[in-house]
Amino acid sequence: MLAALLTAAAAQEPPRAILRPWPDSVVAPGPLKIIVKGDGPELRLDGKRLETAIPARGVMTAVVEPAPGIHELVLATEVEEKIRFFAGEGGPPGWKAYRAHPPEAACETCHRAGNNAWTLLGETAGPQCLSCHGAAGFPKSHTHKAAELEECQMCHDPHGSTEARHLKMPKETACKQCHG
């Protein structure tokens with residue numbers, strides 16, 4: 001069952017190198033931490049190269065304070081990935097507010113850098129998620145077995161989302177990935 005869930009979820013989710021913020025999202029005014037999976041060679045905001053940190057091979061971060069309005073973020077690799085986001089209140093019709101997760105934690109809360117790579121602290125994200133969220137409430141809001149709940153990232157984006165409860169897609173769509 002778990003393998004079927006993972007396969008279904010993976011088939012529906014296109015890979016993204018820009019993990020934070022999401023495409024066509026609205027970010028709150030103020031500092032924004034950008035997270036990308038990749039080594040660059042560069043990250044650009046509105047055509048200007050950003051100063052980045054590389055906490056481990058394959059990960060780049062930058063902190064910016066974008067002016068109100070629409071912005072274009074580009075990760076330049078062999079194939080460029082571009083997203084747009086809106087900084088400020090409101091935003092274009094149909095764009096949703098992006099909420100970062102975890103809001104205050106550092107990368108090292110869930111990841112470690114070792115062997116020149118960035119990895120999860122455990123085998124799966126679940127135990128790490130439960131270290132903050134607690135296991136007691138999950139059976140009340142989920143109909144899954146404990147082993148399935150350990151694969152939180154199948155349905156939830158650990159870096160943030162525009163959906164309620166940091167889902168990767170609307171709840172109706174997420175549930176139907178495995179439950180028809």
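The values are calculated or read from the model by the stated rules, or taken from the named source; none is laboratory data. What you see is a predicted model; the values in this text were computed from it and never measured. Every residue, glycine as well, gets a Cβ built from its backbone with ideal geometry; the counts of neighbours run over all protein chains shown. Surface accessibility is based on the protein's heavy atoms, side chains included, excluding ligands, DNA and RNA. Shrake-Rupley method; radii C 1.70, N 1.55, O 1.52, S 1.80 Å.
Points to keep in mind about this one:
- Considering region 87-98, and only residues there that are within 17 Å of the chain's Cα centre (by Cα) and more than 18 Å from Val36 (Cα to Cα), the residue that is most open to solvent (accessible area, probe 1.4 Å) turns out to be Lys96.
- Residue, farthest from Ala113 (Cα to Cα), within region 45-55, restricted to residues that are surrounded by 15 or more Cβ atoms within 10 Å (Cβ to Cβ) and in contact (Cβ under 8 Å) with a residue 24 or more places away in the chain: Leu45
- Looking only at residues in region 114-135 that are open to solvent by less than 40 Å² (accessible area, probe 1.4 Å) and among the small types (Gly, Ala, Ser), the one that is farthest from Ile34 (Cα to Cα) is Gly134.
- Wholly enclosed strands (runs of 3 or more DSSP E) of region 46-94 bearing at least 3 residues closer than 21 Å to Ala28 by Cα and of a type outside the set (D, E, K, R): 59-64, 69-76, 81-87
- If you go through region 145-180 and keep only what is modelled with pLDDT of 75 or more, part of a loop (DSSP other than H, G, I, E, B) and out of contact with any Phe, Trp or Tyr (no Cβ under 6 Å at 6 or more places or on another chain), you end up with Glu151, Cys155, Asp157, Pro158, His159, Glu163, Lys168, Met169, Pro170.
- Conditions (1) closer than 16 Å to Phe85 by Cβ; (2) out of contact with any Phe, Trp or Tyr (no Cβ under 8 Å at 6 or more places or on another chain); number of the one not met by Asp24: (2)
- Residues located in region 21-44, provided they are modelled with pLDDT of 90 or more and open to solvent by 20 Å² or more (accessible area, probe 1.4 Å): Trp22, Pro23, Asp24, Ala28, Pro29, Pro31, Lys33, Glu42, Arg44
- Residue within region 106-113 that is open to solvent by 50 Å² or more (accessible area, probe 1.4 Å), under 24 Å from Gln153 (Cβ atoms), of a type outside the set (Ser, Thr, Tyr) and part of a strand (DSSP E or B) present: yes
- If you go through region 56-76 and pick out every residue that is open to solvent by 50 Å² or more (accessible area, probe 1.4 Å) and over 23 Å from Ala97 (Cα atoms), you end up with 1.
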